[in-house]
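Taking it in order: structure first as structure tokens, then the write-up.
The values are calculated or read from the model by the stated rules, or taken from the named source; none is laboratory data. All figures in this text were calculated on a predicted structure; none of them were measured in a lab. So basically every Cβ, Gly included, is an ideal-geometry build from the backbone, and we count neighbours across all protein chains shown. Note: areas computed on protein heavy atoms with side chains; ligands, DNA, RNA excluded. Shrake-Rupley method; radii C 1.70, N 1.55, O 1.52, S 1.80 Å.
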Amino acid sequence: PSRPAHRWGIPAALMVLAVNLVGFTLGPVLAGEGFVAETYVLAIMAPTLLAGAAALAFSVWRGCGPVADFGLPRSWPEFRDQLGIGLLGGGIALLGALILAAILVVALGIDAADSPFTALVGLPVGWKLLLVAWVWFGAPLGEELMFRGMLWGALERRPDRWWGRPIGVLTITTVVFAMWHQEWWRLPVLLWGGAAMGFARLRGRSVFSSWVAHSLNNTLPALGLLLLL
């Protein structure tokens, strides 16, 4: 593959990831000790929202714009093809996640009451719906811009290196994505899902495809959150 035309690389990708990391580090501090629904939900959303915005800003400032840099569809045939690939990748991710999660729950004896979502019981309806929409669509978009947008594009700039070739890019972004969540018991699920989303990104040559796959993969957590609250 030819060298990407954008002028941002690893430093820019690391800066975007740093925005996300700092946001999640400061979130609990800014939220305070008392539980306030509005503050809690915004603290969950803000780090990824800001990181996604930073990715778009770098694309505009140092790249060719989000459409070119992230392979967004320019026509109906492209949209249709990228959507289909995203749905395929999401289906693979979802099926594997169900199987792996079931195995891990039984093997590790995990109790559903241990879920962090149980702390959100009683959330007002408006904030509940906002959080569900975020888990379903917003968070996947922000994370895809971070991992299979900025990081993917930065690695692709060096096709002469092993980590800049398709299999290297797929492997690195998958591992970083999985470890970034810091949910170690769920690491096999995250690796499987990240690989499926990476497949969609690679096959569709678009962050749109991986976003569709990611959103489909998040269907059950979103619905579970809706029913729990």
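A few points about this structure:
- A simple spin-label model places pseudo-atoms 7 Å from Cα toward Cβ; at Ala46 and Arg74 they are separated by 3.9 nm.
- When the Cα positions of Pro166, Phe137, Ser215 are compared along the charge dipole of the stretch 136-229, Pro166 comes out farthest toward the positive end, with charges on each C-beta of Lys, Arg, Asp and Glu.
- Annotation for Arg165 and Cys64: the two label points, set 7 Å from Cα along the Cα-Cβ direction, are 2.4 nm apart.
- Unit charges at the beta carbon, dipole of the chain: most positive-side option, Val106, Gly126, Ala200: Ala200
- Cα-based equivalent ellipsoid, the stretch 124-172: semi-axes from gyration tensor eigenvalues, Å: 34, 8, 5
- Available extension along the chain between Phe137 and Ala5 is 44.7 nm, counting 0.36 nm per residue and deducting the alpha carbon span.
- The Rg/Rh ratio of the chain, with both radii computed over alpha carbons and Rh defined as the Kirkwood radius, is 0.97.
- Using just its DSSP H runs of length 4 or more, each adding -39500 (n - 2.57), the chain gives a mean residue ellipticity at 222 nm of -22500 deg cm²/dmol after division by all residues.
- Convex hull (Cα only) mean projected area of the stretch 124-229, reported in nm² to one decimal: 6.7
- Computed over protein heavy atoms with a 1.4 angstrom probe, the accessible surface ordering of Arg161, Arg148, largest first, is Arg161, Arg148.
- Assigned charges on the beta-carbon of Lys, Arg, Asp, Glu; the chain dipole about Cα centre (debye): 920
- Mean shadow area of the stretch 179-229 over all directions, Cα convex hull, nm²: 4.0
- Sorting the segments 86-94, 67-75, 150-158 by their residues' average number of neighbouring beta-carbon atoms within 10 angstrom, most packed first, yields 150-158, 86-94, 67-75.
- Of all accessible heavy-atom area on the stretch 120-159, the percent that carbon and sulfur account for (1.4 Å): 73
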